[in-house]
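Here's the structure we're looking at; comments come further down.
Where a number appears in this text, it was derived from the coordinates with a stated rule and is not lab data. These numbers were taken from a predicted model, which means no experiment stands behind them. Backbone-built Cβ (ideal geometry, glycine too); neighbour counts: all protein chains shown.
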């Protein structure tokens, strides 16, 4: 990915972060998921008093995209911080989000974890989830 494309995806993630509903953790996360044809789906984290009903930003973006017919993705940008603060660490996807993303992006999905549009890490889902379990594991040999 080119730097400009990475930075645009990070900006989309920051814009999505503003809609986070986090009355319990006060930790807002935004994600922007890119399709092969350049379409971007965004999501924010949405907390719930029942905690297990909480949904992460990455899965919000993924489920929104899948519910609209998308099935393949090339990259995701993720940003997060406590409300009103700038994060000094990158925010990576949790284990559940890594597994959900693996279903549709596989190990080659580009994962961008950003503190700002100029300070970010680019890796792959395969590096974050080595030996991931996906559709190929369920194919008959």
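Would it be correct to say that residue 59 is surrounded by 14 or more Cβ atoms within 10 Å (Cβ to Cβ), closer than 24 Å to residue 138 by Cα and in contact (Cβ under 8 Å) with a residue 24 or more places away in the chain? Here the answer is yes, as residue 59 does meet what is asked.
All conditions in (1) assigned to a helix (DSSP H, G or I); (2) over 11 Å from the mean Cα position of the chain (by Cα) hold for residue 10, with the sole exception of (2).
Screening residue 25 with (1) over 24 Å from residue 132 (Cβ atoms); (2) touching a residue at least 40 places away in the same chain (Cβ under 8 Å) gives one miss only, at (2).
Only a single item in (1) more than 18 Å from residue 102 (Cα to Cα); (2) out of contact with any strand residue (DSSP E or B) (no Cβ under 6 Å at 6 or more places or on another chain); (3) surrounded by 12 or more Cβ atoms within 10 Å (Cβ to Cβ); (4) touching a residue at least 12 places away in the same chain (Cβ under 8 Å) is not met by residue 30, and it is number (2). Could you grab me the full set of residues in the range 94-123 that are over 12 Å from the mean Cα position of the chain (by Cα) and either surrounded by fewer than 16 Cβ atoms within 10 Å (Cβ to Cβ) or in a helix (DSSP H, G or I) (or both)? Correct list: 103, 104, 107, 108, 116, 118, 119, 121, 122, 123. Filtering 52, 74, 86 for residues that are closer than 13 Å to residue 33 by Cα and either within 16 Å of the chain's Cα centre (by Cα) or surrounded by fewer than 17 Cβ atoms within 10 Å (Cβ to Cβ) (or both) leaves a single hit, 74. The residues listed here are 41, 24, 51; of these, the one that is at negative phi and outside any strand (DSSP E or B) is 24.
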